[in-house]
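So the structure is just underneath, and the comments pick up after that.
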Amino acid sequence: MENLYHEFERILVTEEQIQSRVRELAAEISEDYRGKGSIVLIGILKGSFMFTADLARHLTIPHYIDFMALSSYGNSAVSGAVRILLDLRADIYQKHVLIIEDIVDSGHTIDYLYTVLKTRKPASIKTCVLTRKVDKAINTPIDYLGFDIPDVWVVGYGLDFAERHRTWPFIAELKKDAYQD
Ligand code: PRP
């Protein structure tokens, strides 16, 4: 895989930084939900598969995991339309729900998801986001945030470019000539 390194401009968040922050977030979440019963972690596929798995392993409260897959029409979409490709297996009515996202970019995905899940009347709904692009206006509150990152194309730790680079343990900035003509 080393021959793909030439596509990276730089490493933005190292594996050590990610793992350390994930442990901190898990400790904070465990503390906040202690005594509230089981919480439902909702990982948003595909991007959050690694973050969800790592975070879950460090939680010290009862939890179970469900997944959703959403498709966005991209940052340039006029409407910012999002649709559900894969829905939850279980009902979240009166459950404590934590949405797990790898990245908030335009915010369309998380805004849509938050609105949809609220209509299902969970006991509570919070968001845990590993990376957020700075200076983007979103409506949804982010309750647990890993890192603010610059507005560049990022890959690794779940994030892809044309399905590539998802399984790196770090987050890197992709070189512009890797995705521009
Ligand atoms: C990415 C990412 C978020 C969303 C964020 O998913 O995983 O879910 O985009 O973008 P937004 O804030 O502009 O809506 P993507 O649709 O690329 O699917 P993937 O996770 O399967 O790669």
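With the full set of protein chains in place, find how many percent of the accessible area of the range 114-181 is carbon and sulfur; take the probe as 1.4 Å.
Carbon plus sulfur share of accessible area: 49 percent.
Can you give the accessible area per residue of the chain, in Å², using a 1.4 Å probe?
51 Å²
Assuming R0 = 45 Å, what is the FRET efficiency of residue 28 and residue 176, from their Cβ-Cβ distance, to the nearest 0.05?
Efficiency, rounded to the nearest 0.05: 0.80.
How many percent of DSSP beta bridges within the range 13-102 run antiparallel, rounded to 5?
25 percent
Over the chain, what relative contact order in percent results from Cα pairs under 8 Å that are six or more residues apart?
24 percent
Count the net charge of all other residues whose Cβ sits under 14 Å from the Cβ of residue 17, scoring Lys and Arg as +1 and Asp and Glu as -1.
Every neighbour counted, the sum reads -2.
Show me, for the range 167-180, the HN-Hα J-couplings you get by feeding each phi into the Karplus relation (A = 6.51, B = -1.76, C = 1.60, θ = phi - 60°), rounded to Hz, glycine and proline as x.
Per-residue couplings from phi come out as 9, 5, x, 10, 10, 10, 7, 7, 5, 4, 6, 6, 10, 10 Hz.
With +1 on each Lys and Arg Cβ and -1 on each Asp and Glu Cβ, and nothing else charged, work out how big the dipole of the chain is about its Cα centre, in Debye to the nearest 20.
Once rounded to the nearest 20, the dipole reads 760 debye.
Roughly how tilted is helix 108-118, in degrees to the nearest 10 and between 0 and 90, from the longest Cα axis of the chain?
It works out to around 10 degrees.
Rg and Dmax of the range 15-149 over Cα atoms: what are they, in angstrom?
14.2, 44
Set the Förster distance to 35 Å, then compute FRET efficiency between residue 66 and residue 20 from the Cβ-Cβ distance, nearest 0.05.
Working from the Cβ atoms, E equals 0.85.
For the chain, modelled as a Gaussian network with Cα springs under 10 Å, which listed residue fluctuates most, 144, 93, 157?
Ranking 144, 93, 157 by mean-square fluctuation puts 93 first.
Cross-link candidates for residue 46: which aspartates and glutamates have Cα within less than 14 Å, leaving aside residues fewer than 8 places away along the same chain?
Filter leaves 66, 87, 101, 102, 160, 163.
The values are calculated or read from the model by the stated rules, or taken from the named source; none is laboratory data. Please read all numbers here as calculations on a predicted model, not as lab measurements. Note that each Cβ is placed from the backbone with ideal geometry, even for glycine, and that neighbours are counted across all protein chains shown. Accessible surface is based on the protein model in full, side chains and every heavy atom, while ligands, DNA and RNA are left aside. Shrake-Rupley method; radii C 1.70, N 1.55, O 1.52, S 1.80 Å.
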